[in-house]
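Take a look at the structure below.
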Amino acid sequence: MELFREIIPKVYKFAPDAVDVIASNPVDILAYATYKITGKNHKEIIGSGTTLDTSRLRFKLSNNCKIDPRNVHAYILGEHGDSEFPIWSKAMIGGLLFKDYCKTCIDFNECNPPSTLEKIFTEVRDSAYKIIDKKGETSYGIGLSLVRIAQAILENENAVLPISCLIEDFSEINDIYLSLPSVLNRNGVRETLRLELNEEEEVHFKNSAETLKEVLKNIGLQ
């Protein structure tokens, strides 16, 4: 944190109008720290968030369901870390909610969707630990995610990505950085999409917020 306090003002001095993309972990904490240290408009400061986690989830779902990943729409939200969670209530394939698609799938009886989906999410959540255990670091996955985020900004795409952004009055949560689907363009966050979460998902989201707020208090940022 002390290193960040030293670096960020120097970056801000030479590029005050840039859209700041934070990738270092803990990314939600450091994105919030950048927001507090610089005093910039929060829409110009984002974290990579759960962009990589979401990509991994869609890839694994596409393999399991034998569907092109471009037609799999699912998100992991909240903290980029152990308290992250999937939004199964909004997950879709070809316009069908997962719960409806699974009923039409020829492999439904063999798949057992609830346990299969939970297994897939657990593999996604824990994948970074396995990669670090094998090679000591993660680099390629997050690198590709940062390319995608940079492309959305530089090409003014208005792309929807699950980046870490400032939460304002969502599920009774304020003043913390967590991942929600957000429209991203050359100015940073154009808007954050306020998904309607089910009861279980709201509990997970609030748990993510409480986890990070405790860390922020411990380092004097709240």
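The values are calculated or read from the model by the stated rules, or taken from the named source; none is laboratory data. If you're wondering where the values come from, they're calculated on a predicted model, not measured in any experiment. Because the Cβ atoms are built from the backbone with ideal geometry, glycine has one as well, and the counts that use them run over all protein chains shown.
Is it the case that some residue within region 93-116 is crowded, with 20+ Cβ neighbours inside 10 Å and of a type in the set (Gly, Ala, Ser)?
no
Would region 72-88 turn up any residue that is within 22 Å of the chain's Cα centre (by Cα), more than 30 Å from Asp17 (Cα to Cα) and at pLDDT below 95?
Yes: one or more hits.
Take Ile7 and decide whether it is in a helix (DSSP H, G or I) and either small (Gly, Ala, Ser) or within 17 Å of Leu216 (Cβ to Cβ) (or both).
Considered against the rule, which asks whether it is in a helix (DSSP H, G or I) and either small (Gly, Ala, Ser) or within 17 Å of Leu216 (Cβ to Cβ) (or both), Ile7 comes out as no.
Quick check on my filter: what residues within region 1-22 are surrounded by fewer than 18 Cβ atoms within 10 Å (Cβ to Cβ) and of a type in the set (A, V, I, L, M)?
Residues satisfying the conditions are Met1, Leu3, Ile7, Val11, Ala15, Ala18.
Could you please find all residues in region 124-160 being more than 20 Å from Arg58 (Cα to Cα), outside any helix (DSSP H, G or I) and either in contact with a helix residue (DSSP H, G or I) (Cβ under 7 Å, 6 or more places away or on another chain) or modelled with pLDDT of 85 or more (or both)?
Glu155, Asn156, Glu157, Asn158, listed by residue number.
May I ask you to list the residues in region 34-76 that are among the basic types (Lys, Arg) and assigned to a helix (DSSP H, G or I)?
Within region 34-76, Lys36, Lys43, Arg56, Arg58, Lys60, Arg70 qualify.
(1) part of a loop (DSSP other than H, G, I, E, B); (2) in contact with a Phe, Trp or Tyr (Cβ under 9 Å, 6 or more places away or on another chain): which one isn't true of Leu166, the others all being true?
(1)
Can you pull out the residues in region 147-169 that are touching a residue at least 40 places away in the same chain (Cβ under 8 Å) and surrounded by 15 or more Cβ atoms within 10 Å (Cβ to Cβ)?
Arg148, Ile149, Ile153, Leu161, Pro162, Ile163, Ser164, Cys165, Leu166, Ile167
Select from region 204-222 the residues that are in a helix (DSSP H, G or I) and over 15 Å from Asn174 (Cα atoms) and write down the one among them that is farthest from the chain's Cα centre (by Cα).
The residue in question is Asn218.
If we scan region 176-189, do we find a residue that is of a type in the set (Lys, Arg), modelled with pLDDT of 95 or more and under 14 Å from the mean Cα position of the chain (by Cα)?
No: zero hits.
Consider Asp126 carefully, then state whether it is surrounded by fewer than 19 Cβ atoms within 10 Å (Cβ to Cβ) and within 16 Å of Pro86 (Cα to Cα).
yes
For region 31-69, enumerate the residues that are within 18 Å of the chain's Cα centre (by Cα), over 14 Å from Phe121 (Cα atoms), surrounded by fewer than 19 Cβ atoms within 10 Å (Cβ to Cβ) and without any contact (Cβ under 8 Å) to a residue 40 or more places away in the chain.
Pro69
Could you list all residues from region 196-211 that are surrounded by fewer than 17 Cβ atoms within 10 Å (Cβ to Cβ) and of a type in the set (A, V, I, L, M)?
Val203
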